[in-house]
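A.B. asks: Take a look at this one; I'll ask things after.
The values are calculated or read from the model by the stated rules, or taken from the named source; none is laboratory data. These figures come from a predicted structure and were not determined experimentally. Cβ placement follows ideal geometry from the backbone for every residue including glycine, while neighbour counts extend to all protein chains displayed.
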Number of protein chains: 2
Amino acid sequence: MAGSAVPRKRRKIQGVTMVDVARRAGVSPSTVSLFLRRPEAVSLKVGDAVQAAIRELNYVPNLMAGGLAAASSSVVGVIVPSVRNAFFAETVAALQRELGQARLQIMLGHTEYDQGVETELVRTALSWAPAALVIAGTEHGKATRQLLEAARVPVVQVWELGGEAPIDMAVGFHHYEVGAAAARHLAARGRRRLVFFSGRANDDKRAAQRAAGFLAAGRELGLVTQHLSHPAPATTELGGILFARMLKELEGVEGVGIGCSNDLLALGSLFEAQRRQVAIPQQYAVIGFGDLEFAASCNPALSTIKPFGDLIGSEAARLILKSLADGEAREHASIDTGFGLVHRQTS
Amino acid sequence: MAGSAVPRKRRKIQGVTMVDVARRAGVSPSTVSLFLRRPEAVSLKVGDAVQAAIRELNYVPNLMAGGLAAASSSVVGVIVPSVRNAFFAETVAALQRELGQARLQIMLGHTEYDQGVETELVRTALSWAPAALVIAGTEHGKATRQLLEAARVPVVQVWELGGEAPIDMAVGFHHYEVGAAAARHLAARGRRRLVFFSGRANDDKRAAQRAAGFLAAGRELGLVTQHLSHPAPATTELGGILFARMLKELEGVEGVGIGCSNDLLALGSLFEAQRRQVAIPQQYAVIGFGDLEFAASCNPALSTIKPFGDLIGSEAARLILKSLADGEAREHASIDTGFGLVHRQTS
DNA sequence: GAGTTTTATCATAGCGCTACGATTTTATCA
DNA sequence: TGATAAAATCGTAGCGCTATGATAAAACTC
């Protein structure tokens with residue numbers, strides 16, 4: 001109906017396009033494109049000419065155009081609860097390091113432990129036709145799971161194993177086992193009464209699993225085992241608060257061993273103990289989780305359980321790269337990175 | 001020359017496109033697009049129909065196509081040394097929180113304090129025709145600076161003020177002043193001999209500036225002031241090492257005040273002091289930088305200088321949003337977020 | 001040196017969307 | 001009611017690139 005024959009004015013995005021480079025180098029645009037994607041497929045002479053033209057014109061390719069034409073982009077969506085959390089920061093750093101080698105970029109999203117936000121972030125990530133998706137955890141809202149299942153890209157769920165079946169691939173460890181290992185360790189060190197400290201009681205599912213594992217193992221060993229938790233994030237401050245609460249509740253009780261949902265809580269406990277002049281590990285043994293960087297240099301040095309956040313990131317990257325190489329024929333791997341018990345002075 | 005009249009087979013990226021939605025809703029694709037971008041420009045009846053079609057088909061728009069057509073994308077490139085660094089993690093989190101409201105996504109890159117990597121990351125970010133760029137620091141390599149200057153997008157340099165002139169906009173504070181404030185504080189608390197601890201001596205320019213400010217202010221006050229530094233990253237462990245070194249070098253010296261390049265070093269110092277049974281603040285006063293989450297709950301509680309990392313992120317986001325709204329007419333703002341001296345027990 | 005294979009380069013048709021201006025519909029007024 | 005203004009919808013032409021298959025050039029055969 002609307003039959004306009006008038007040429008519109010072009011809206012130009014870029015200063016220098018591939019066409020400009022091609023003209024400069026005296027070749028066709030296809031050749032420039034080919035050189036950029038597979039330099040070895042182009043003759044040395046032409047390759048050099050193109051390279052020179054690119055440099056002279058300061059050409060920066062447009063990845064949106066490339067991604068659109070190629071039906072896939074070079075972004076990997078990474079969705080974690082928060083990068084302020086040192087655990088995830090480490091994994092994100094490893095991912096970027098490894099994926100960067102393959103010229104893949106990271107598009108980051110933080111859920112802040114909100115399932116609605118998570119769904120939105122997944123949807124947004126998918127809007128970029130990402131090469132792959134990395135998401136923390138295996139328990140997601142129904143909408144998120146649906147989106148992820150329908151997505152025709154590799155999906156790697158990280159930092160957690162067990163629970164719901166992985167959607168595609170998974171790299172992580174069993175938090176329940178972490179808790180159990182902590183309880184058993186304290187028992188082995190002669191503690192007969194166990195307490196678990198945790199924060200963010202409502203939304204950190206992984207912390208909840210560590211707690212569950214700790215409590216179950218403690219009871220299995222026939223020990224009185226209890227849980228002190230709080231809805232606030234698991235910080236040093238909260239560690240102090242929980243330790244104080246514990247002191248009040250367990251006044252006079254001997255042989256207490258404390259498992260902490262993370263090293264920050266443990267650190268806070270250590271400080272509170274100092275303030276109260278309670279000896280650690282003599283009166284109370286403490287074990288954390290995370291092996292955060294201060295754990296080794298605390299006084300007393302903190303016993304803890306070490307996850308391998310860096311390894312999780314690099315293994316996830318490896319799986320992604322492999323999936324991309326294998327195409328449809330890829331397998332649905334699940335990798336257990338395990339954890340290590342680091343026995344220091346607090347237990 | 002190559003005149004092929006044969007229709008090629010289409011390579012389909014997406015299951016459901018905007019055309020499908022339009023058909024389902026009984027409107028034209030343009031209307032769907034319009035509804036997505038400016039829902040208020042579409043009649044209520046049509047809007048509902050489109051909305052319903054989107055939901056029923058589970059349509060996910062392709063942002064690459066959108067960005068390409070619109071000559072700008074909804075990504076903001078964020079380039080920081082490392083998210084493992086709590087300072088940057090906080091700013092990144094704030095950025096994502098604020099920018100997310102405007103449906104902007106963050107594309108993250110870590111330089112790991114390498115200038116070559118930084119240039120590559122800037123180049124990659126520019127390949128996405130980003131809506132804006134956020135980069136840590138004001139001192140960049142020549143290539144990076146050139147790229148940023150030529151980029152026709154808002155650029156916000158964060159976490160640092162002073163030094164080289166900002167390329168476009170800047171949000172941060174003067175690290176030199178932080179160091180000076182720390183020195184003056186220690187002097188005011190009666191310390192007559194000052195020492196500054198820092199790590200990553202070679203590549204953390206901002207830490208170097210804090211050191212310079214500390215040393216200059218100390219000397220200006222007529223105090224003997226010295227610098228203990230180390231090439232390793234500024235960790236708790238390094239804090240302990242530097243404190244031990246200081247003890248050896250300054251044996252018997254009274255009234256020593258220690259400034260630390262960050263709270264991790266300060267924490268390590270505290271622990272080392274405990275181990276050596278040296279009283280803080282009686283024998284040695286300590287002040288850190290960062291007000292990391294443990295600072296308030298240490299024993300003794302750590303005096304420190306608080307940057308406002310979160311504020312830096314949200315102000316940067318505000319500037320970006322304003323720039324995008326104002327278009328070409330935008331101003332080249334520079335915002336000093338300042339810092340706060342938090343006096344606790346270690347000084 | 002003509003025929004055959006291999007290698008290098010090219011022309012074209014979209015990828016899915018948005019901006020633009022044109023067209024149609026609805027509201028307002030004389 | 002017809003003329004005019006305002007609002008809603010539509011059709012088209014790319015955005016800059018890549019995949020594809022066609023052509024041209026070079027490297028082998030016998």
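A.B. asks: Looking at the stretch A:178-197, is at least one residue modelled with pLDDT of 95 or more and within 26 Å of A:GLU98 (Cβ to Cβ)?
C.D. replies: Taking every residue of the stretch A:178-197 in turn, at least one turns out to be modelled with pLDDT of 95 or more and within 26 Å of A:GLU98 (Cβ to Cβ).
A.B. asks: Condition first: touching a residue at least 12 places away in the same chain (Cβ under 8 Å) and more than 26 Å from B:ALA65 (Cα to Cα). Now tell me which residues in the stretch A:13-49 satisfy that.
C.D. replies: Matches in the stretch A:13-49: A:ARG24, A:ALA25, A:GLY26, A:VAL27, A:VAL46, A:GLY47, A:ALA49.
A.B. asks: If you don't mind, there's one more thing I want to ask. Give me the residue from the stretch B:295-311 that is within 14 Å of chain A (Cβ to nearest Cβ) and assigned to a helix (DSSP H, G or I) and, out of that set, farthest from B:HIS343 (Cα to Cα).
C.D. replies: B:ASP310
A.B. asks: Do you know which residues across the stretch B:246-276 are more than 14 Å from chain A (Cβ to nearest Cβ) and without any contact (Cβ under 8 Å) to a residue 60 or more places away in the chain?
C.D. replies: B:MET246, B:LEU247, B:LYS248, B:GLU249, B:LEU250, B:GLU251, B:GLY252
A.B. asks: Another one. Could you please let me know if A:GLU40 is within 25 Å of the chain's Cα centre (by Cα) and more than 11 Å from DNA strand D (Cβ to nearest atom)?
C.D. replies: Considered against the rule, which asks whether it is within 25 Å of the chain's Cα centre (by Cα) and more than 11 Å from DNA strand D (Cβ to nearest atom), A:GLU40 comes out as no.
A.B. asks: Among the residues of the stretch B:145-174, what is the count of those that are of a type in the set (A, V, I, L, M, F, W, C) and away from chain A (no Cβ under 14 Å)?
C.D. replies: 11
A.B. asks: Next up: Among the numbered criteria (1) crowded, with 24+ Cβ neighbours inside 10 Å; (2) within 21 Å of A:ILE280 (Cβ to Cβ); (3) among the β-branched types (Val, Ile, Thr), which one does B:VAL278 miss?
C.D. replies: Condition not satisfied by B:VAL278: (1).
A.B. asks: Could you check the stretch B:125-140 and list, in sequence order, the residues that are among the aliphatic types (A, V, I, L, M) and touching a strand residue (DSSP E or B) at 6+ places or on another chain (Cβ under 7 Å)?
C.D. replies: Passing the criteria: B:ALA125, B:ALA131, B:ALA132, B:LEU133, B:VAL134, B:ILE135, B:ALA136.
A.B. asks: Then there's this: Which condition does B:HIS227 not pass, out of (1) over 20 Å from A:LEU302 (Cβ atoms); (2) not in a strand (DSSP E or B), if it passes all the others?
C.D. replies: All conditions are met except number (2).
A.B. asks: Let me ask something else. On the given criteria, is B:ASN62 within 24 Å of B:VAL32 (Cβ to Cβ) and polar (S, T, N, Q)?
C.D. replies: So B:ASN62 passes the test.
A.B. asks: Sticking with this one: On the basis of being at pLDDT below 95 and of a type outside the set (Asp, Glu), does B:SER4 make the cut?
C.D. replies: Against the criterion (at pLDDT below 95 and of a type outside the set (Asp, Glu)), B:SER4 qualifies.
A.B. asks: Among the residues of the stretch B:273-288, is any within 24 Å of the chain's Cα centre (by Cα) and at pLDDT below 95?
C.D. replies: No, the stretch B:273-288 contains no residue that is within 24 Å of the chain's Cα centre (by Cα) and at pLDDT below 95.
A.B. asks: Tally time: how many residues in the stretch A:244-259 are out of contact with any Lys or Arg (no Cβ under 9 Å at 6 or more places or on another chain) and assigned to a loop (DSSP other than H, G, I, E, B)?
C.D. replies: Residues meeting the conditions: 2.
A.B. asks: Sticking with this structure for a sec: Out of the stretch B:24-49, which residues are more than 10 Å from DNA strand C (Cβ to nearest atom) and closer than 23 Å to A:LEU147 by Cα?
C.D. replies: Passing the criteria: B:ARG24, B:ALA25, B:ASP48, B:ALA49.
For (1) within 23 Å of B:GLU120 (Cβ to Cβ); (2) more than 9 Å from DNA strand D (Cβ to nearest atom), each residue gets a yes or a no:
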| site | (1), (2) |
| --- | --- |
| A:GLY26 | no, yes |
| A:LEU34 | yes, no |
| A:ALA52 | yes, yes |
| A:PRO61 | yes, no |
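A.B. asks: Could you check the stretch B:145-176 and list, in sequence order, the residues that are in a helix (DSSP H, G or I), surrounded by 20 or more Cβ atoms within 10 Å (Cβ to Cβ) and modelled with pLDDT under 95?
C.D. replies: Correct list: B:LEU147, B:LEU148.
A.B. asks: Right, A:LEU292: part of a loop (DSSP other than H, G, I, E, B), surrounded by 20 or more Cβ atoms within 10 Å (Cβ to Cβ) and within 11 Å of chain B (Cβ to nearest Cβ) or not?
C.D. replies: Answer is yes for this residue.
A.B. asks: Name every residue in the stretch A:316-341 that is surrounded by fewer than 17 Cβ atoms within 10 Å (Cβ to Cβ), of a type outside the set (Gly, Ala, Ser) and within 30 Å of A:ARG191 (Cβ to Cβ), in order of residue number.
C.D. replies: A:ASP336, A:LEU341, listed by residue number.
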